[in-house]
1. Among ASP139, ASP161, which is acidic (Asp, Glu), touching a residue at least 40 places away in the same chain (Cβ under 8 Å) and exposed (fewer than 13 other Cβ atoms within 10 Å of the Cβ)?
2. Can you say whether GLU129 is at pLDDT 95 or above and not polar (S, T, N, Q), as far as the supplied structure shows?
3. Could you say which residue among TYR155, TYR185, TYR189, TYR201 is buried (at least 16 other Cβ atoms within 10 Å of the Cβ), within 30 Å of TYR108 (Cβ to Cβ) and not assigned by TED's automatic domain parsing to the domain that holds LEU95?
4. Of all residues in the stretch 108-118 being out of contact with any Lys or Arg (no Cβ under 8 Å at 6 or more places or on another chain) and within 19 Å of VAL73 (Cα to Cα), which is surrounded by the fewest Cβ atoms within 10 Å (Cβ to Cβ)?
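The values are calculated or read from the model by the stated rules, or taken from the named source; none is laboratory data. What you see is a predicted model, and the numbers here were worked out from it, not measured in a lab. Cβ: placed from backbone, ideal geometry, glycine included. Neighbour counts: every protein chain shown.
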Amino acid sequence: MKVSIQQKKIFSIALAVWGTTLIGTGTSMAYIKNPVDPDSINLKVVQKRVASSKSNEIKLKDMESEVNKPMSVNIRDFLENPDDIDENIIKNLKLDTSMVNVNQAGSYTYTITYKKKKFSATYVVKEKELPNANITVKDLDLEVGSSLSTDVQTYVVEQLDEEVKKNTTIDLSAVNTAKSGNYQYRLTYKNRMYTGTINIYEPNTTKDNTENKEKPKE
């Protein structure tokens, strides 16, 4: 079929008008050829953060420390919920630990005051945890009139460290160095008692044949 020159002109004009129309409406041929798949559209949802409100409820916690350890002066350390309390309120809290004696084991009370309202809690001062120690007491021989040592190490076989010696008590009350005989003494460490014997003998007798030995006194 032959197309006349006039038909060709009409066709060209139609194409030009159509292209102009598409460009004017913001539509391109590429868009028509490859339309956007509605399922492939990505939506970014931004969640707005909402600041959580503070309860401002003052809750104290029970405190605990060892004997002779310094006490905290940071009031936040005494609060159960410092993050729930407005900082301006915390700055106006008054801490009173005057009833707590950190040098003596025991249970005490401390208070925090805010706008004339007083809150109280317990502060426990506990004994220091002492190390374990192996203790074997000695049986000693002393001449009549000898003085009794107050050094714990004198009465123990093992070499003790200073902390153990400092916390070991000696009971020599049953020993009479003025009279020959066998006497008992006691050491106590961590509530455990150890008993040894001291033989008091006359200078002119042998230690194994002490005259008039007395039975250990309980």
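1. On the way: ASP161 fails: touching a residue at least 40 places away in the same chain (Cβ under 8 Å).
Answer to the selection: ASP139.
2. no
3. Values: TYR155 fails: within 30 Å of TYR108 (Cβ to Cβ); TYR185 fails: within 30 Å of TYR108 (Cβ to Cβ); TYR201 fails: within 30 Å of TYR108 (Cβ to Cβ).
Result of the check over TYR155, TYR185, TYR189, TYR201: TYR189.
4. Step one: of the stretch 108-118, the residues out of contact with any Lys or Arg (no Cβ under 8 Å at 6 or more places or on another chain) are 108-110, 115-118.
Now drop any that are not within 19 Å of VAL73 (Cα to Cα), which leaves 108-110, 118.
Numbers: TYR108: 16, THR109: 12, TYR110: 20, LYS118: 10.
So the residue we want is LYS118.
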